[in-house]
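Encoded as structure tokens, the structure appears first; notes follow it.
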Amino acid sequence: MSSKIQNNIQKNRLLKINDPEINLYILLDQANGIMSNAIDLELRHLKTTQPQVRVLTMLSREDRPVTIEELANWCLKEFNSVSTLINRMEQKGLIKKSKMKGDLKTYVTLTEKGSILYHLQVTERSIHLVFNKLSAKEKKQLEAILKKVRDATRDLLGLDFKSPILP
């Protein structure tokens, strides 16, 4: 490798090491990864997964049947991935799929078994243990910052784009 390329690599290496946005992303990624590991450990004895709990969470917050498309948008996952997840959850008896007359969409609701699992067995203890380390003010600040990051990323990816020419 030529010395010019080595110098460029070293210069860019130092720029990346000192880049505050990259360092924030690394910290966010580390926090997410380690929290995810703690949650996985907590859920293991229930033989359930974080993606399943995400679906149960959304369904428990809605007072109506939810479409698979709505679940995919909420979870920020591809429709096919969520559809596969929903099929597995239906086989476990956690959710029920249904169709409404004159509507091609598939709707999903919690079953009694799913409701018992989510409301009585999933404790989210690890989440509480982590966030209890923050003051109420810090939690509000973190919430505002994370919403801003989420919304900026959604905007960057065009996830909320509505075409002005479509109804």
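Scanning the range 126-167 for residues that are closer than 27 Å to Glu70 by Cβ, within 19 Å of the chain's Cα centre (by Cα) and among the β-branched types (Val, Ile, Thr) yields Ile127, Ile145, Val149, Thr153. Applying the criterion of being in a loop (DSSP other than H, G, I, E, B) and of a type in the set (Lys, Arg) to the residues of the range 46-77, the residue that is nearest to Gly114 (Cα to Cα) is Lys47.
Scanning the range 80-93 for residues that are among the charged types (D, E, K, R) and part of a helix (DSSP H, G or I), we see that the one that is farthest from Ile39 (Cα to Cα) is Glu90. Residues that are over 10 Å from the mean Cα position of the chain (by Cα) and under 16 Å from Gln50 (Cβ atoms) were ranked within the range 73-83; the one that is surrounded by the fewest Cβ atoms within 10 Å (Cβ to Cβ) is Ser81. Residues in the range 94-124 that are part of a loop (DSSP other than H, G, I, E, B) and either modelled with pLDDT of 95 or more or under 16 Å from Val55 (Cα atoms) (or both): Leu94, Thr111, Val122, Thr123, Glu124. Of all residues in the range 21-46, those satisfying the criterion of being polar (S, T, N, Q) and surrounded by 12 or more Cβ atoms within 10 Å (Cβ to Cβ) are Asn23, Ser36. Scoring Val149 on the criteria (1) assigned to a loop (DSSP other than H, G, I, E, B); (2) under 30 Å from Glu21 (Cα atoms) leaves a single failure, condition (1).
Would you mention how many residues in the range 126-149 are under 30 Å from Glu90 (Cβ atoms) and either surrounded by 12 or more Cβ atoms within 10 Å (Cβ to Cβ) or in contact with a helix residue (DSSP H, G or I) (Cβ under 6 Å, 6 or more places away or on another chain) (or both)?
2
Is it the case, given these coordinates, that Thr111 is hydroxyl-bearing (Ser, Thr, Tyr) and under 29 Å from Asp160 (Cα atoms)? No, not satisfied.
Within the span defined as the range 48-67, one or more residues are in contact with a helix residue (DSSP H, G or I) (Cβ under 8 Å, 6 or more places away or on another chain), surrounded by 13 or more Cβ atoms within 10 Å (Cβ to Cβ) and of a type in the set (Gly, Ala, Ser).
A Cβ distance below 8 Å, combined with a sequence gap of six or more or placement on separate chains, defines the contacts here; from the range 47-59, residues that are within 11 Å of Ile86 (Cα to Cα) reach residues that are modelled with pLDDT under 95 and of a type in the set (D, E, K, R) in the pairs Pro51/Lys77. Going by what's in this entry, would Asn18 be described as loosely packed, with under 11 Cβ neighbours inside 10 Å and within 14 Å of the chain's Cα centre (by Cα)? Answer is no for this residue. All told, Ile22 meets the bar of being closer than 25 Å to Gly158 by Cα and in a helix (DSSP H, G or I).
The values are calculated or read from the model by the stated rules, or taken from the named source; none is laboratory data. If you're wondering where the values come from, they're calculated on a predicted model, not measured in any experiment. Note that each Cβ is placed from the backbone with ideal geometry, even for glycine, and that neighbours are counted across all protein chains shown.
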